Structure formats: structure tokens, C-alpha cells
Amino acid sequence: MTGVAIAGAAEAQMGKALPGLSAADVMAEAARSALADAGLTVEDVDGVFAAATQLPWASVTLAEALGIQPRYTDSTMIGGASPMAHVNHARAAIAAGLCEVALIAYGSTQRSVGRGSASVQEVDPWEAPYRPPLPVAAYALAASRHMHEFGTTAEQLAWVAVSARRWAQQRDGAWSRDELTLEDVAAAPRVCDPFGVRDCCLVTDGGAAIVVTSVARARTLRRPLVFVLGAAEAMSHGHISSMPDLTVTAAVDSGARAFAEAGLRPADVESAQLYDAFTITPILFLEDLGFCAKGEGGAFVADGAIAPGGKLRVNTSGGGLSYGHPGMNGLPLLVEAVREVREEGKDVVMAHGNGGVLSAQATVLLGSEAAAGWRPRSKAVRLREPAGATMGRRRRATKKAGAR
């Protein structure tokens, strides 16, 4: 266990923000809601972490909006992987005594103001002459290469979109809840081969926030704790033309280090919230994070395997393809991961963020008290398992101890 826990989590203005609200307004609303969820106030916050395409001084903007002067700030910007990286940085800052209550927040009004106004693309001089429609062209390159190299099919890509929609149909507040079939995905207007409209994420407004603090401080609060079991970040390139291998992301590195720190394996994960800007990304991440071998991601997701009732719960809100995608979707994925632990009773949940054009990757493993090696508070015994122990063994140990 890393010594920190998530004590509060919330979203705000997901879908379409109220008229007149700015990205800063949405971010501040999510932050206040997350603090309320944790039973804390803005006066308790002494660490502020934020990054947003519309807010160059995101952490400063958030601190000013909340009326606080934090001891520690971090505006590390690595796209949709930023919030997961902020979790990693927050636990380091807390361990170093630089802050005690870290607020991580994000906000976007990209649907309201238009994506072109909300997200500025950095131009690569080697790519610019070809005028690629980024970021979709970059992800289409990765998908095309994966299809060529491993035989991945358009139908397998479509299963990612259809599975996300089936999850969204179970969730109030999801942006897209109408029926979606494999045939619908195939018939959708083309965007950039091999992608059609349904292979691409939504364009919505929205904000989200979480509160990270030490386990000791979190135990004084009223909400069920969600422990940070492991976290790591990695990057491999900036622009797609510099990506070492179009089918392999730096999630190989971030995932391996997060699992090693937690003493867990992919088989221990009961729910995975994987960045799904396009239908190819969950396939790549399932492979690179170790849920299946390289090249087998298409087969892994086929036939509803990541839909409700499938072999692995993936993007259980509907993700960026059906629930909402407010520009950088890392924090909504973290909020959903927290919900999976708190409300669905999952012991080990992964949240994985992706930034740029498959450029930056960050992995966070969250868990219940059982996963962290703690007995439920109603029990007196504290269990410890050796590194690498599976959750199945931990559950059996807990049941036996309870019987005694």
C-alpha cells in the first residue's frame, strides 16, 4: 500500500455545461463536490493539482476560484494521463510532507465553445506538410498497423463501441444511451480509415475531481476509503511520427511498475477503466497492461467480453465512447474507478490514462481495504499477504479469519 487513499470523488456538468459557465467554473464545481463527498472543506486543502487544455495556469486558476493559497501545486500536463500522474505526484508530495490534502481537478467546456477553441494542437514540422487531421489520423495509423500486423478486424473494433454503449445504457446521465449494434458502427459515416463516427469518442463538456490524502487522515473522514495500491507513468514520444512502434505503447512500462508496486497481477483486476478516445485504444491497453498477449486484444474484446456480463468489466460508465469525453477524460475514469470500489464492491480496479497521440501513459491501481491488506473496520485483525498474492487468496484468508 502506498500510504494514501482517495477520500472524495465527484463529477460536474458532464455532457453540456449550463450556459455561461467557463472551464474554470466547471472545474471548481467538481472540486467543491469532491471535497463535500470527503467531508472536507476548501480550508483543508493544501495541495492543488490540475491540468486542462483551456486553462494554462490550471492549478493557480483552481486555487483562486476556491479562495485558497496551497502549500503545494502541480500543473503537470501530459494530456489525458495527467490526472493519473497527479495521483502519483500527490502521494509523493504527501509522503514528503509537502501537503496533506491534495485536490486533483479538471474542467472543460469543449462542446460549448467548440473543440478547435478548447484544444490547441502542437504542430510537428515533419508531419505538417501532409496536413493530417489530428488526433484521429494518428490513432487511425495505429489501428491500421494493428489490423495489418495481427489481423484485427473492423468488427472487433466495433465491439469496443458496442460494449461501451451497453454499459452506458445502465447509467443515468450517460450522453449516448440509444441502441448501438455492430451494424450501426460499420454503417456510420467514415472519419479516417478505418474509423467511422462510432469509433471516435464523444465531444462533451464536463469536469471531475478527487481528493487524495494520507491513510491516517482519510480514516478520520466519513466516506469509505479507496486505497492507492500502485501508480506509475511513462512516455515514449510526442508526435505519432516518432512513435517507436505503432502497436506498442508506454503502458507496457507504466503498467508493469504499477503492478509491481502493488504486488498484483492483471488477473487480480476486477474492473479496468481504460482511456477510450478511439476504439483501438482499449485494445492496445489490454495488451500492453498484460490482460492478453500482444496481437490478441481484438479477440479479447469480441463477442461482448468487456460488456456487462463479460469476462472483464471495462469502462463501466460507458467511457469516452458513450458516457462522456470532456477533452481529457482521465479524471472521469478515476471517478468511475472509485465508484467501482465503493458502490460495486470491487477489490482491485485499474484506471489508465493516455495523453497526446498514444504519447504519455499513466496507470493507477485502486483497491478496497481487503486489497490493501486491511481487515474491514468491524474486525480486529489486520491481514498481510506476500507481494504477488492474488486477490482470490486474500479473500479466502479473510473468510477463514472471519470464521475463526
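The values are calculated or read from the model by the stated rules, or taken from the named source; none is laboratory data. For clarity, every value in this text was computed on a predicted model and none was experimentally measured. Positions of Cβ are backbone-derived with ideal geometry, glycine not excepted, and every protein chain shown enters the neighbour counts.
So which of Pro133, Pro244 is free of Cβ contacts under 8 Å to residues at least 60 places away in the same chain, in contact with a Ser or Thr (Cβ under 8 Å, 6 or more places away or on another chain) and at negative phi?
Checking each option against the conditions leaves just Pro244.
Which residues, taken from segment 343-397, are aliphatic (A, V, I, L, M) and either modelled with pLDDT under 95 or surrounded by fewer than 23 Cβ atoms within 10 Å (Cβ to Cβ) (or both)?
Start the filter on segment 343-397 by keeping residues that are aliphatic (A, V, I, L, M), which leaves 348-351, 357-358, 360, 362, 364-366, 370-372, 380-381, 383, 387, 389, 391, 397.
Once the filter is applied, which keeps residues that are aliphatic (A, V, I, L, M) and either modelled with pLDDT under 95 or surrounded by fewer than 23 Cβ atoms within 10 Å (Cβ to Cβ) (or both), segment 343-397 yields Ala370, Ala371, Ala372, Ala380, Val381, Leu383, Ala387, Ala389, Met391, Ala397.
Is it the case that some residue within segment 233-241 is of a type in the set (Asp, Glu), within 23 Å of Ala95 (Cβ to Cβ) and either crowded, with 20+ Cβ neighbours inside 10 Å or in contact with a Gly (Cβ under 9 Å, 6 or more places away or on another chain) (or both)?
yes
Restricting to segment 33-70, what's the tally of residues that are surrounded by fewer than 15 Cβ atoms within 10 Å (Cβ to Cβ) and of a type in the set (Phe, Trp, Tyr)? Before the answer, list the steps.
Filtering segment 33-70 for residues surrounded by fewer than 15 Cβ atoms within 10 Å (Cβ to Cβ) gives 36, 39, 41, 43, 56-57, 64, 67, 69.
In the following step, the residues that additionally are of a type in the set (Phe, Trp, Tyr) were identified as 57.
Residues in segment 33-70 being surrounded by fewer than 15 Cβ atoms within 10 Å (Cβ to Cβ) and of a type in the set (Phe, Trp, Tyr): 1 in total.
Residue-by-condition table, conditions (1) assigned to a helix (DSSP H, G or I); (2) in contact with a strand residue (DSSP E or B) (Cβ under 9 Å, 6 or more places away or on another chain); (3) modelled with pLDDT under 95; (4) exposed (fewer than 15 other Cβ atoms within 10 Å of the Cβ):
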residue	(1), (2), (3), (4)
Ala140	yes, yes, no, no
Arg145	yes, no, no, no
Leu157	yes, yes, no, no
Ser163	yes, yes, no, no
Leu180	no, no, no, no
Val203	no, no, no, no
Gly207	no, yes, no, no
Val212	no, yes, no, no
Arg223	no, yes, yes, no
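Within the bounds of segment 86-96, is there any residue that is in a loop (DSSP other than H, G, I, E, B), of a type outside the set (Asp, Glu) and in contact (Cβ under 8 Å) with a residue 12 or more places away in the chain?
No: zero hits.
From Ala50, Ala30, grab the single residue that is touching a residue at least 60 places away in the same chain (Cβ under 8 Å) and either touching a Phe, Trp or Tyr at 6+ places or on another chain (Cβ under 7 Å) or not charged (D, E, K, R) (or both).
Values: Ala50 fails: touching a residue at least 60 places away in the same chain (Cβ under 8 Å).
Criteria check complete, one pass: Ala30.
Considering only segment 224-256, how many residues are of a type outside the set (S, T, N, Q) and within 17 Å of the chain's Cα centre (by Cα)?
Selection size over segment 224-256: 16.
Does at least one position in segment 212-232 carry a residue that is free of Cβ contacts under 8 Å to residues at least 40 places away in the same chain, within 23 Å of Ala31 (Cβ to Cβ) and polar (S, T, N, Q)?
Within segment 212-232, one or more residues are free of Cβ contacts under 8 Å to residues at least 40 places away in the same chain, within 23 Å of Ala31 (Cβ to Cβ) and polar (S, T, N, Q).
Condition check ((1) at pLDDT below 95; (2) in contact with a helix residue (DSSP H, G or I) (Cβ under 6 Å, 6 or more places away or on another chain); (3) closer than 22 Å to Glu336 by Cβ; (4) not small (Gly, Ala, Ser)) across all residues:
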{"site": "Trp175", "(1), (2), (3), (4)": "no, no, yes, yes"}
{"site": "Gly196", "(1), (2), (3), (4)": "no, no, no, no"}
{"site": "Cys200", "(1), (2), (3), (4)": "no, no, yes, yes"}
{"site": "Thr220", "(1), (2), (3), (4)": "yes, no, no, yes"}
